[in-house]
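To start, the structure under review is shown below, and the notes come after it.
The values are calculated or read from the model by the stated rules, or taken from the named source; none is laboratory data. The structure displayed is predicted, hence computed values, not measured ones. Positions of Cβ are backbone-derived with ideal geometry, glycine not excepted, and every protein chain shown enters the neighbour counts.
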Amino acid sequence: MTASYVAYGLQLAANMALPGLPVRRNSETVDVRIQLKDAWPFPGTLPAFGEGFYSSSDGAPASQPNLQVGLSSNGEHFGFFYGDGARFAVDRHGRDVRADWPEDYTLEDACTYLLGPVMGFVLRLRGTVCLHASAVAINDRAIALVGSPGSVREQLERGLDRLGGNYFVGVFAFGNLGERESLHSLDLFANEVVPHVNKAIA
């Protein structure tokens, strides 16, 4: 089964239905193919991706990074390896995305990464400048979250406390930020926002 979508100004084709995106009529033109879970062999594990060029850190010695990013030894794929076991491979032209995740994960969990930071990275590879605004859709309304990690954390906690909600997508690659800056923004969110919000809603 192939599902077609239009998102971020791109025609997407995925081998599974992507939650949160309305299905569109199949298009002959596909900008990005998305292969999820067992539909393909993952291009490699982190060591096969050679020298990583980014690794998040929460500051604790010998802690597992929340995110490691590397380039495959043949230079064809960027690998995103999240500390919770989700992993994504993006070809260097931003035309092919592959994803895999642990058995205790859901497709919705994986799409949080896919539709946020991974697609933000795809857009950067394709030369698209993204304007940043993270938002939460709640009861047919949305709130945008921008600012420092403390400000975003406070806004998100307040919004979830007052309005509820069960889905969040963040975009961390925008404007003229380079790859390292975009990954730094993602790192700040993963280390300084998510742990606090998880405690607040637990």
| Can you pull out the residues in segment 1-36 that are part of a strand (DSSP E or B), out of contact with any Lys or Arg (no Cβ under 9 Å at 6 or more places or on another chain) and more than 19 Å from PHE121 (Cα to Cα)? | ARG24
| query | Any idea how many residues of segment 109-145 are within 17 Å of the chain's Cα centre (by Cα), part of a loop (DSSP other than H, G, I, E, B) and at pLDDT below 85? | reply | 6
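Looking at this structure, is GLU157 surrounded by fewer than 16 Cβ atoms within 10 Å (Cβ to Cβ) and either more than 25 Å from VAL122 (Cβ to Cβ) or modelled with pLDDT of 70 or more (or both)? Give the derivation first.
Numbers: surrounded by fewer than 16 Cβ atoms within 10 Å (Cβ to Cβ): no; either more than 25 Å from VAL122 (Cβ to Cβ) or modelled with pLDDT of 70 or more (or both): yes.
No: the conditions fail for GLU157.
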| query | Identify, please: which residue in segment 82-108 is of a type in the set (D, E, K, R) and over 13 Å from GLN35 (Cα atoms) and is, among those, modelled with the highest pLDDT? | reply | ARG92
